[in-house]
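J.: One structure follows; several queries about it will come next.
The values are calculated or read from the model by the stated rules, or taken from the named source; none is laboratory data. Here the structure is a predicted model, which is why all the values come from computation and not from measurement. Glycine also receives a Cβ, built like all others from the backbone with ideal geometry; neighbour counts cover every protein chain displayed. Areas reflect the complete protein model, heavy atoms only, side chains present, ligands, DNA and RNA absent. Shrake-Rupley method; radii C 1.70, N 1.55, O 1.52, S 1.80 Å.
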Amino acid sequence: MSTLFSNARIINPTDGTDAAGWLLVQDGVIAATGQDAPPTAETVIDCGGKCLAPGIVDIGVKVCEPGERHKESYKTAGAAAAAGGVTTMVTRPDTLPAIDTPEVLEFVERRANEAAPVNVLPMAALTKGREGREMTEIGFLMDAGAVAFTDCDHVVRDTKVLSRALTYARSCGALVIAHPQEPTLSAGAAATSGKFAALRGLPSVSPMAERMGLDRDIALVEMTGAKYHADQITTARALPALQRAKANGLDITAGTSIHHLTLNELDVADYRTFFKIKPPLRAEDDRVALIEAVKSGLIDVISSMHTPQDEESKRLPFEEAASGAVALETLLPAALRLYQNQQLTLPELFRALSLNPANRLGLASGRIAEGAPADLVLFDPDAPFVLDRFKLRSKSKNTPFDGARMQGKVLATYVAGEAVYRRD
């Protein structure tokens, strides 16, 4: 089977180009691209001058199976991902129970393959039960399909346990994803410390807690030589340490969430719990510094950090409400705010959304290149709309963008050349 995408605006993050052209798909992989006369194909899709980019590879998606299926299932998360241009979900192990054995991992893979129309790659817990006391069987979990290891927001407090886990991970060639935070300082925090948090009477944490957690992790990576990815860098204070670690040749990459790039601490002024995320929203200076870090490549990855919470978990006083926001469907339109504001180009955005996460995980996707899987998103970057959270495909509707005016609609999503979503 061959499919030709003609009259497209092709976004290529590998070489940083944004140009009109065509793309040919043959048997589920990209066969050729060009700007001259297009070849013939069995199926021709006229893109109408809209943007065609590699599908998003989203590291850090929470799907609440097993244990909390009422919040999100693989069926609903997969539908939301497809509607948001996400062709690969890299899922977190913070389920009930945690994904810490090959048996639970195999259950998750089976459920995902049955229910989700997009690629699903599971991560496994770094320590048993995500309790930070005893590392999991990393080798067996890799054999069962785990692509990375993380305890998510449960920071491993015992440095010796973490050092042993990193040493073992290095011997297996495994990627460890950590949440840089000093756990004692950040416990119970609902906001970032400063005048605003004090005026609102919210328990807060200093940005230095992130810097301290990152400093410890960098020292352990230097000691063990492990492959390490920081899931969310959210403060300007942490950026110099990250830059030094990279300059010293350590195998370190870093990500940030779309919420920390597009929102700031002032958004919680009305105590709206949909804005309560972890780490808490930061100052505007931090947000601007993060955008610059993405542009320069210091921060490698932008992710949704999709965290479904039901109404009962969010309809509480701000301090008591659960943290997290759904973001699979809002990731791309929110990221396009940075393009509309001329802060990032589309190739720079898709470098962080698609290419870099795929490279970090050793995937062939996330790029426009001959032989790469035809995982693609067709979108209109300028189409305006007002977000209605009740129209989201996720089971949970906890988005901070409810009622927001946004630009950028996904028109179609393709996995291995097959359409898994088309906008009505």
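J.: Select, from Ala352, Ala364, Ala372, Ala358, the only residue that is under 22 Å from Asp300 (Cβ atoms) and free of Cβ contacts under 8 Å to residues at least 12 places away in the same chain.
T.: Ala364
J.: Next question. Tell me which helices (runs of 4 or more DSSP H) are completely within the stretch 307-424 and hold 3 or more residues being among the β-branched types (Val, Ile, Thr), or say none if there are none.
T.: none
To keep it simple, each residue is scored yes or no on (1) closer than 30 Å to Asp94 by Cβ; (2) buried (at least 18 other Cβ atoms within 10 Å of the Cβ).
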| residue | (1), (2) |
| --- | --- |
| Asn12 | no, yes |
| Ala19 | no, no |
| Asp27 | no, no |
| Ile30 | no, yes |
| Gly34 | no, no |
| Ala41 | no, yes |
| Ile45 | no, yes |
| Pro54 | yes, yes |
| Pro66 | yes, no |
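J.: Next up: Please work out which one of (1) open to solvent by less than 10 Å² (accessible area, probe 1.4 Å); (2) over 21 Å from Ala327 (Cβ atoms); (3) in contact with a strand residue (DSSP E or B) (Cβ under 6 Å, 6 or more places away or on another chain) is the condition Met135 fails and give its number.
T.: Against the list (1) open to solvent by less than 10 Å² (accessible area, probe 1.4 Å); (2) over 21 Å from Ala327 (Cβ atoms); (3) in contact with a strand residue (DSSP E or B) (Cβ under 6 Å, 6 or more places away or on another chain), Met135 comes up short only on (1).
J.: Condition (residue is at positive phi and surrounded by fewer than 18 Cβ atoms within 10 Å (Cβ to Cβ)) applied to the stretch 301-313: is it met by at least one residue?
T.: no
J.: Let me ask another. How about the stretch 38-135: which strands (runs of 3 or more DSSP E) wholly inside it have at least 1 residues that are out of contact with any Leu (no Cβ under 8 Å at 6 or more places or on another chain)?
T.: 43-46, 56-61, 119-122
J.: Between Ala369, Ala358, which is among the small types (Gly, Ala, Ser) and surrounded by fewer than 21 Cβ atoms within 10 Å (Cβ to Cβ)?
T.: Ala369
J.: Out of the residues in the stretch 246-259 that are in a helix (DSSP H, G or I) and crowded, with 23+ Cβ neighbours inside 10 Å, state the one that is farthest from the chain's Cα centre (by Cα). Talk me through it step by step, then tell me what you get.
T.: At the first step, the residues of the stretch 246-259 found to be in a helix (DSSP H, G or I) are 246-247, 258-259.
If we keep only those that are crowded, with 23+ Cβ neighbours inside 10 Å too, we end up with 258-259.
Working: Ile258: 8, His259: 11 Å.
Top of the filtered list is His259.
J.: Could you grab me the full set of residues in the stretch 260-272 that are in a helix (DSSP H, G or I) and over 19 Å from the mean Cα position of the chain (by Cα)?
T.: Once the filter is applied, which keeps residues that are in a helix (DSSP H, G or I) and over 19 Å from the mean Cα position of the chain (by Cα), the stretch 260-272 yields Glu265, Leu266, Asp267, Val268.
Conditions tested, residue by residue: (1) more than 14 Å from the chain's Cα centre (by Cα); (2) among the acidic types (Asp, Glu); (3) at pLDDT 95 or above; (4) open to solvent by 10 Å² or more (accessible area, probe 1.4 Å).
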residue	(1), (2), (3), (4)
Thr76	yes, no, yes, yes
Ala82	yes, no, yes, no
Thr88	no, no, yes, no
Thr91	no, no, yes, no
Thr127	yes, no, yes, no
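J.: Name the helices (runs of 4 or more DSSP H) wholly inside the stretch 167-244 in which the number of residues that are without any contact (Cβ under 8 Å) to a residue 40 or more places away in the chain and buried (at least 19 other Cβ atoms within 10 Å of the Cβ) is 2 or more.
T.: 208-224
J.: Additional query: Examine the stretch 100-120 for a residue that is out of contact with any Phe, Trp or Tyr (no Cβ under 9 Å at 6 or more places or on another chain), under 25 Å from Thr256 (Cβ atoms) and without any contact (Cβ under 8 Å) to a residue 60 or more places away in the chain, and state whether such a residue exists.
T.: No - not one qualifying residue is present in the stretch 100-120.
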